[in-house]
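Okay, structure first, notes after.
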Amino acid sequence: MIPLIITMDLEVAEDHDLNAQDAILLRLKKDLNAENLPLTIFTTATAAEAFPVRLKSLQDAGHEIGSHGLNHSPEENYKTATAEHIKMWLSESTKRISNITEKKLLSFRGPGMSTSVTAQQHLIKMGYQTDLSVCSQRADFMLTAGGELGWLFSPRNTYQPSTYSALKKGNQPIKVIPMRTFGIPFISGSLYIFGLTLMKLYFCLLLLESKRCNKPIVYLFHSYEHTPHNIGKDNRPLRQKLYTKDHEKKYRKNLDFLKFMTSFSNVKAMRAIDYINN
Ligand SMILES: [Zn+2]
């Protein structure tokens, strides 16, 4: 059985309609539950506080809530910040998110996929069990805040990181579940650029590798992608301007892709924490 971990990053997108960002969580909950698709949701503390009712109801519906840090500001980078800042952000965000969820947080993904030895050591102290920040063999690493050359050489399967590098195997008591890619990130952004057919082929390629080497597949999308932009200047980065602006189209496409991935009898969608515990 190949584990498929469907992850959703939940952050407040200032350039998208705020009410729609709240409402889309309800729609996602309905559609995902109808298809029996469990999510691992990485929320920032500010998003948890902006959408507390929706977040709690997603958790009550069986989805896992993990941490995506404090507020996703450009400074909040767990790869480059000082140890003092990293510890402060992790402690504060964990406290604020679990105030909403009333549950212990076990899974982490840094904003901009950023992580480090310092971050992982503090996560371990706080009881986190898994870090989903590393994107092994992602070729466009320079376009992501947490990206680094080391991603090209980091393990493709789940590993315990070392005490000297978050990207190398060791015996730290936390599991890194890498985003597996063959150069192109396996995320919804690629789906919107390359289309459903090519992404289906990409998934089959990852599946083939998973079958041979017993690796989980991790997919990522953001909830705000499915909401309208605020009227005004389009401040999206160049790469995102390649996507269609039609948020409804993106929603349908993403849902169709999730259904496709779970249509295989040997693929089992599960939350990050269930994968770790099994
Ligand atoms: Zn993010």
Quick one: of 104/215; 168/249; 30/87; 104/268; 95/249, which pairs are farther than 31 Å apart, Cα to Cα? 168/249; 30/87; 95/249
Compute the FRET efficiency between residue 124 and residue 14 as 1/(1 + (r/R0)^6), taking r as their Cβ-Cβ distance and R0 = 41 Å, and round to the nearest 0.05. 0.80
Please work out the average accessible area per residue across the chain, using the 1.4 Å probe convention, and give it in Å². 43
What aspartates and glutamates sit close enough to residue 253 to cross-link, taking a C-alpha to C-alpha distance under 19 Å and skipping anything fewer than 8 places away on the same chain? 9, 31, 35, 225
Using a Gaussian network model of the chain whose springs link C-alpha atoms within less than 10 Å, name the residue from 52, 111, 38 with the highest mean-square fluctuation. 52
Any DSSP H helix in the chain with Cα axial reach of 18 Å or more and mean Kyte-Doolittle score of at least 0.0? Listed by number, the hits are 196-213
Spin-label point model (7 Å from Cα, Cβ direction): what's the residue 92 to residue 196 distance in nm? 4.4
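The values are calculated or read from the model by the stated rules, or taken from the named source; none is laboratory data. Please read all numbers here as calculations on a predicted model, not as lab measurements. No Cβ is skipped: glycine too gets one built from the backbone with ideal geometry, and neighbour counts run over all protein chains shown. The protein model used for the area step is the full one, side chains on, heavy atoms only, and it has no ligands, DNA or RNA in it. Shrake-Rupley method; radii C 1.70, N 1.55, O 1.52, S 1.80 Å.
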